[in-house]
Amino acid sequence: MNIRLLGTGAADGIPGFFGNDSVSRFARENGGKEIRSRTAAIVDGVMKIDFPPDTLNQLQRDSLDALDWTALVFTHSDDDHIAVNELQYALIPFTDLDHLPYTIYANRVICDEILGRYPDWPIELIETHSFESFSHGPYRVVPIKATHIDEEDCQNLIIERDGKRLLYATDTGIWPSETFEFLKGFVLDLLVIECTDGFNESVYKGHLNIESVIQVVESLRTEGVLTPESRVVTTHHGHHGDARHCDLERALLPHRIEPGFDGMLIEI
Ligand SMILES: [Zn+2]
């Protein structure tokens with residue numbers, strides 16, 4: 001199983017859409033791994049995770065084909081994770097397809113948003129719930145509850161195939177105790193985890209910074225959810241975190257945590 005990080009930037013990306021901070025300026029001047037589009041990923045080239053407004057550019061950049069998707073799985077409804085109007089380009093009159101060629105898995109809020117926008121579309125739309133697993137082809141997916149928006153079942157995703165298991169944890173905050181307890185039943189080959197706030201601390205508790213990522217990772221190592229062989233990679237970096245890619249490497253690599261970057265392909 002592999003996962004490609006298509007985007008590793010927070011809500012307004014890096015450089016920030018209208019950002020004039022030092023991280024955004026450095027990114028504009030240096031390019032490369034400093035450029036972070038909105039957070040999304042794809043498993044084995046077929047299971048798409050989230051649908052940000054940068055999706056088309058991400059596919060063009062990495063020479064990927066949306067027609068390869070068999071599933072589109074959503075984590076939550078923030079605008080950097082679902083660009084609902086972009087879905088229209090899958091069908092007539094933009095293509096000759098008369099039905100959406102992949103299954104959408106999403107929480108209630110997103111299902112309502114999609115059905116509201118496309119009430120007459122032939123879509124296979126399946127509502128997901130935290131702690132209730134579902135199967136899609138050779139994959140088993142177990143959504144777990146994130147701490148992000150109080151009114152919504154925001155989900156991180158355990159994805160399993162052929163004895164391999166990853167956890168994709170974007171927009172997660174510090175998990176509620178029920179999520180930590182639930183995770184104790186799993187051993188992960190890979191954890192992809194958000195690091196939105198970088199070196200800074202936010203009053204909003206729906207995100208993690210470098211310090212809290214390290215705390216979460218160490219507690220998962222103590223519980224055996226992460227083993228010495230498990231890889232840990234970060235995503236969803238915000239320019240307000242005051243962390244360039246090289247700063248993230250200095251802060252995270254000593255803890256055996258790898259800063260993710262756009263286009264990163266991870267095999268497990
Ligand atoms: Zn986000």
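Points to keep in mind about this one:
- Whether a residue is surrounded by 17 or more Cβ atoms within 10 Å (Cβ to Cβ), more than 16 Å from the ligand (Cβ to nearest atom), among the hydrophobic types (A, V, I, L, M, F, W, C) and within 27 Å of Gly241 (Cβ to Cβ) was assessed, and Ile35 passes this test.
- Residue in segment 179-196 that is nearest to the ligand (Cβ to nearest atom), counting only those that are over 16 Å from Ser37 (Cα atoms) and assigned to a loop (DSSP other than H, G, I, E, B): Phe186
- When residues of segment 170-217 are limited to those that are over 23 Å from Ile42 (Cα atoms) and charged (D, E, K, R), the one modelled with the lowest pLDDT: Lys205
- Single residue of segment 47-73 satisfying the filter (touching a His at 6+ places or on another chain (Cβ under 9 Å) and free of Cβ contacts under 8 Å to residues at least 60 places away in the same chain) that is farthest from Ile158 (Cα to Cα): Pro52
- Within segment 154-177, residues that are at positive phi have Cβ atoms under 6 Å from residues that are within 16 Å of the ligand (Cβ to nearest atom) and of a type in the set (Ser, Thr, Tyr) in these pairs: Gly173/Thr147, counting only partners at least 6 apart in sequence or on another chain.
- Residues in segment 217-243 that are in a loop (DSSP other than H, G, I, E, B) and over 18 Å from Leu6 (Cα atoms): Gly224, Val225, Asp242, Ala243.
- Residues being within 16 Å of the ligand (Cβ to nearest atom) and part of a loop (DSSP other than H, G, I, E, B) - total across segment 159-173: 4
- Condition met for Leu208 (within 21 Å of Leu6 (Cα to Cα) and assigned to a loop (DSSP other than H, G, I, E, B)): yes
- Candidate set: segment 72-88, residues that are of a type in the set (A, V, I, L, M) and surrounded by fewer than 20 Cβ atoms within 10 Å (Cβ to Cβ); chosen: the one nearest to the ligand (Cβ to nearest atom): Ala83
- Counting the residues of segment 141-155 that are in contact with an Asp or Glu (Cβ under 8 Å, 6 or more places away or on another chain), assigned to a loop (DSSP other than H, G, I, E, B) and at pLDDT 90 or above gives 2.
- Within segment 1-30, the set of residues being away from the ligand (no atom under 16 Å from the Cβ), surrounded by fewer than 17 Cβ atoms within 10 Å (Cβ to Cβ) and not small (Gly, Ala, Ser) comprises Asn2, Phe18, Asn20, Asp21, Arg25, Arg28, Glu29, Asn30.
- Screening Leu115, Leu91 for residues that are farther than 30 Å from Ser177 by Cβ, away from the ligand (no atom under 16 Å from the Cβ), surrounded by fewer than 21 Cβ atoms within 10 Å (Cβ to Cβ) and at pLDDT 95 or above leaves exactly one candidate, Leu115.
The values are calculated or read from the model by the stated rules, or taken from the named source; none is laboratory data. This one's a predicted model, so the numbers in the text were calculated from it and none came from an experiment. Heads up, the Cβs are rebuilt from the backbone with ideal geometry, glycines too, and the neighbour counts pull from every protein chain shown.
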